[in-house]
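First the structure, in the form of structure tokens, and then the observations on it.
The values are calculated or read from the model by the stated rules, or taken from the named source; none is laboratory data. Given the structure is predicted, the values throughout are model-derived calculations rather than measurements. Every residue, glycine among them, receives a Cβ derived from its backbone with ideal geometry; neighbour counts consider all protein chains shown. Please note that ligands, DNA and RNA were not included when accessible areas were found on the heavy atoms of the full protein model with its side chains. Shrake-Rupley method; radii C 1.70, N 1.55, O 1.52, S 1.80 Å.
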Amino acid sequence: MAVKIRLERCGCRNRPFYRIVAADSKSPRDGKILQVIGFYNPLAGKEDNKKVGLKFDRVKYWLSVGAQPSDPVRNILFNAGLLSPPPMVVMGNKSGPHKTCPVDLTTGDMSNPEKSITL
């Protein structure tokens, strides 16, 4: 059974409140859950300290047994200090490789066009 750590929506219309839950990956968003491990209130003020609440020991347990957090939960856990930063992806240039040559700064001419470097 693959376990995901994800958000379960609660609250009224236009007043969202989310529970952070461990659930089977095949169950629906508000379906059967395994355990509630925290909450997230996106409407709480900046001075309010009840925006996010986590049970750290349960989060660490579910991560240790292989549960995969969803992207929003991954950001919440990163801000809480439980996950390392997401990996940086290095993208290539869309137009393909370019040739670069050393340029003489005084004249603006290519100093040696035969030794061009392809990036």
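Return a yes/no flag: does segment 75-84 have any residue that is within 15 Å of Leu7 (Cα to Cα), loosely packed, with under 10 Cβ neighbours inside 10 Å and at pLDDT 85 or above. No, that holds for no residue. Among the numbered conditions (1) in a loop (DSSP other than H, G, I, E, B); (2) within 21 Å of the chain's Cα centre (by Cα), tell me where Phe17 comes up short. Result: Phe17 fails condition (1) only.
What residue, among those in segment 29-42 that are more than 20 Å from Lys60 (Cβ to Cβ) and over 21 Å from the mean Cα position of the chain (by Cα), is least open to solvent (accessible area, probe 1.4 Å)? Per the criteria, the residue is Gly31.
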